[in-house]
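> Sharing a structure, written as structure tokens. Questions coming.
Laboratory data are not the source of any read-out in this text; all were calculated from the coordinates shown. None of these values were measured; they are calculated from a predicted model. When we count neighbours, we look across all protein chains shown, and the Cβ atoms used for this are built from the backbone with ideal geometry, even at glycine.
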Amino acid sequence: MVVSYHPEPAAIAALVAAVAAQAQAVVLVDNGSDGAWQASLAETLSAAGGALIAQPRNIGLAAAQNLGIDWARAHGYRHVLLLDQDSEPGEGMVASLLRALATLSAVGRIAAVGPRFHDMREHRDAPFVRIGFPFNRKLWCGRSTPTIACDFLISSGMLIPLTVLDQIGPMDAGLFIDNVDLEWSFRARAKGYALHGVCAATMQHRLGDARRALPLGLGQVVVHGPTRLYYMMRNRVRLYRMAHTPRAWTAQDLPRLLVKLLLFGVLIGPRRRNLRWMLRGIHDGLRGYQGEGPSGLLHKP
């Protein structure tokens, strides 16, 4: 399944075609887009046994993923592959994930497997991660490591058995966007399930938004708009308060929260608007607010 939000029509059509070549069916859940591309793509998907589930507004990433999961369950599928519009599956990715999942599930409780992905903005492969304190362990694929046990997987590229979702539960729609994959991964690990990266499965993926140079030659930083910053702040505070969130991750992330306040509230504009929505996000996270953000917040990630 693919979740989209105002995608570039040619790019989303190419992604659907690439996924359809590897999966039994593709369901596209679109969050409030419009345009002539929807009708033609809906026909293509339906003819191949899939569907386009168009939402009249942005219901959030997690709720859209749950709709796709429900569609897969209703149509008798046993696994669901989560993808977003910024991902490009490598050749044979799905087959590699399925083989690894079958092998690993024969000897343990596996929640999900995910591919080794290449960050198209950083121009490098990303590692899998084990959470530690004060530093995480970054684990890289090598010739002797077909799979790597890790503490979380990004949602795009994650292959999950539907029987596992029955045990762990769906994505947390209250988060709307940001940290949805972290929360589900933490919940799975707390219930005794393992997560594995699969080195033979590859995917191209764009992490984050645009990059901007920092003052004084201090390097580059991923730049997020005020809307995204609100959800990032609100949801990380919500994660701090969840019993299944690893305490080591919380201890690590608190300094990151302060750094983001400094970067986007002082150094990177629009500073006043950034700071306003970041502080509102922290406030709303402490109050336990869920779902779509407050009025006045533009909902484009």
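> Tell me the net charge near PRO255. Cut-off is 15 Å between Cβ atoms, PRO255 excluded, with +1 for each Lys or Arg and -1 for each Asp or Glu.
Numbers: positive: ARG236, ARG247, ARG256, LYS260; negative: ASP253.
Summing Lys and Arg as +1 and Asp and Glu as -1 gives +3.
> Something else now. Restricting things to Cα coordinates, could you compute the convex hull volume per residue of segment 1-68 in Å³? Could the numbers behind the result be given before it?
Numbers: hull volume 4.9 nm³, N = 68.
Measuring per residue, one finds 72 Å³ for the Cα hull of segment 1-68.
> Which percent of Cα-Cα pairs in segment 211-286 sits in each 10 Å bin, short to long?
Final binned percentages: 20, 48, 27, 6, 0.
> Per the chain: cysteines with no other Cys C-beta under 4.7 angstrom?
By the Cβ distance rule, which asks for a partner under 4.7 Å, the isolated cysteines are CYS150.
> Is there a quick way to get the dipole size of segment 1-84? I mean about its Cα centre, with the Cβ of Lys and Arg at +1 and of Asp and Glu at -1; what is the value in debye to the nearest 20? Please list the in-between numbers first.
Values: 3 positive and 6 negative charges, 55 e Å.
Here the size comes out at about 260 debye.
> Something else: Is there a quick way to get the dipole size of the chain? I mean about its Cα centre, with the Cβ of Lys and Arg at +1 and of Asp and Glu at -1; what is the value in debye to the nearest 20?
Numbers: 33 positive and 22 negative charges, 277 e Å.
Dipole magnitude for the chain comes out near 1340 debye.
> Also, quick follow-up: Which order do the peptides 245-252, 66-73 come out in when sorted by mean C-beta neighbours inside 10 angstrom, highest first?
On the way: 245-252: 16.1, 66-73: 19.0.
In descending order of packing, they fall as 66-73, 245-252.
> Pull out a ≥ b ≥ c, the square roots of the eigenvalues of the alpha-carbon gyration tensor of segment 23-142, then state rounded if a/c is under 1.5, prolate if not and a/b is larger than b/c, and oblate in the remaining case. All intermediate terms of the calculation are to be shown ahead of the outcome.
Values: a/c = 1.99, a/b = 1.55, b/c = 1.28.
Verdict is prolate for segment 23-142.
> In whole percent, what relative contact order does the chain give with Cα contacts below 8 Å and a gap of six or more residues? Before the final figure, lay out each step's value.
Values: 528 pairs, mean separation 54.6, N = 301.
Result for the chain is 18 percent.
> Using alpha carbons only, what's the Rg to Rh ratio of the chain with Rh from Kirkwood?
Reported Rg/Rh, Kirkwood definition of Rh: 0.95.
> Using only the Cα atoms of segment 251-301, build the gyration tensor, take square roots of its eigenvalues as a ≥ b ≥ c, and label the shape rounded, prolate or oblate: rounded if a/c is under 1.5, else prolate if a/b is larger than b/c, else oblate. Each step should come with its number before you reach the end.
Details: a/c = 2.19, a/b = 1.15, b/c = 1.90.
In terms of gyration-tensor shape, oblate.
> Okay, next question. Sort out the exposed loop GluC sites (Glu not before Pro) in the chain (DSSP loop, at most 15 other Cβ within 10 Å) and tell me the longest stretch that has none. Please report the intermediate quantities before stating the final value.
On the way: sites that count: GLU91, GLU122.
Value returned for the longest uninterrupted segment is 123-301.
> How many angstrom lie between the C-alpha centres of segment 7-64 and segment 100-132?
Value for the Cα centre distance between the two parts: 25 Å.
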